[in-house]
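Just so you know, all these numbers are worked out from the coordinates, no wet-lab data involved. The structure displayed is predicted, hence computed values, not measured ones. When we count neighbours, we look across all protein chains shown, and the Cβ atoms used for this are built from the backbone with ideal geometry, even at glycine.
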Amino acid sequence: MDSEGGRDFLGGRGGVGGRGGGDRLDTLQITVEKTLGSKEHPEFLENILLGILRSLERMKECGRRYRLWHHTVCDSRWVVRLRCEQRWCPVCAQVRSARVRERYSEALHGGKGERLYHIVLTTIPVRFTGDWVEDLLALRNQVGRLQSAFRRLRQRKVWIGGRGVYSVEVVYNKGAGWFHIHMHVLVLARGWWDLDALHKTWREIWLRMGCDVRHRPNVDVADKGALKEVLKYVTKHWELDGYGLLVVMGALWNKRLIQGFGGVRVTDDGGVEVVCPGCGAPYDGVTFNWRDVTEEEMRQEVLSGVYWADYWEVVENRLVLRRSWGRKVDKTFMSA
Ligand SMILES: [Zn+2]
Ligand SMILES: [Zn+2]
């Protein structure tokens with residue numbers, strides 16, 4: 001690694017595990033393991049805890065494993081750094097949020113007379129108890145209720161919106177002792193909102209679920225930054241302290257946090273189309289060979305000179321050659 005912000009010789013960035021984040025991941029893992037071993041948990045909860053454990057494990061490996069590719073038709077060989085693709089990983093979340101943002105901005109292009117609104121819907125805070133598993137369950141429950149309250153709101157007359165996207169965001173206030181969740185909604189609509197009626201309806205929906213939500217929904221015409229605002233949460237989780245991070249991971253485990261509605265469907269999966277850099281042929285599952293290796297093995301393979309140590313980057317769902325290292329490789333290894 002050189003000093004340039006963790007950039008290594010492949011030109012990519014090291015994962016969270018390699019930048020002092022490794023200790024943190026270890027600590028989190030120990031907490032989850034202890035919780036798992038402390039007593040019997042209901043099956044669904046145990047699955048969540050095991051899922052978190054696996055996710056932390058993958059984050060440790062983020063950017064530290066490599067895939068060696070070989071296209072047998074044109075005999076090109078190249079190296080790609082592997083990412084953990086975990087939504088909690090600050091490195092991967094940034095890549096993903098840029099990708100998702102792009103896809104959503106296309107889907108939310110308004111027609112004639114349509115305006116894009118940014119609506120923020122809140123509910124009451126969840127006080128924390130100090131038992132992270134209990135807090136996880138309480139918060140998870142509240143996230144579910146927020147999503148169903150929003151579904152109900154969209155069926156009411158006061159909802160003039162059409163297609164759109166929402167995201168769920170958790171705010172953790174350690175000092176005050178609560179978690180707060182709210183929802184950012186971007187929606188295309190014709191005409192103006194009846195704000196008082198919207199507030200009244202939102203409150204009424206929640207009262208039926210036993211919560212008195214007095215906060216007024218906030219409605220603005222979406223500006224250029226709105227999409228970024230709506231999708232920004234994905235990169236923020238890592239900044240929470242250990243307790244907050246584990247609660248939020250559990251509360252949001254396997255829940256879709258960014259969701260299109262009214263006909264908007266955008267996947268935020270990491271599906272990447274592989275194209276041979278030598279001849280441009282797309283991946284066919286037959287003439288392409290690959291195997292995953294550790295950093296050490298990768299260095300050996302690249303040093304032997306058969307593989308191109310090129311830096312590839314995902315752009316618009318394709319692996320694109322950004323910079324060719326070519327003959328510089330040997331020199332880099334000499335100085336390493
Ligand atoms: Zn990652
Ligand atoms: Zn090829």
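Observations on the model:
- Estimated distance in nm for a label pair at Asn141 and Arg190, the labels positioned 7 Å out from Cα along Cα-to-Cβ: 4.3 nm
- Per residue, the Cα convex hull of the range 93-261 amounts to 113 Å³.
- 22 Å Cα-Cα threshold exceeded, pairs from Lys157/Lys228; Lys228/Lys255; Lys157/Lys200; Lys34/Lys60; Lys60/Lys174; Lys174/Lys224: Lys157/Lys228; Lys60/Lys174; Lys174/Lys224
- Projected onto their three principal axes, the Cα atoms of the range 133-181 cover extents of 38, 18, 16 Å, largest first.
- Qualifying chymotrypsin sites (Phe, Trp or Tyr not before Pro) in the range 152-214, DSSP loop, other Cβ atoms within 10 Å at most 14: Trp192
- Summarising the label geometry, the points placed 7 Å from Cα in the beta-carbon direction at Asp26 and Trp238 lie 1.9 nm from one another.
- Rounded to the nearest 20 debye, the dipole magnitude of the range 93-261 is 620 debye, with +1 charges on Lys and Arg beta carbons, -1 on Asp and Glu beta carbons, and the Cα centre as origin.
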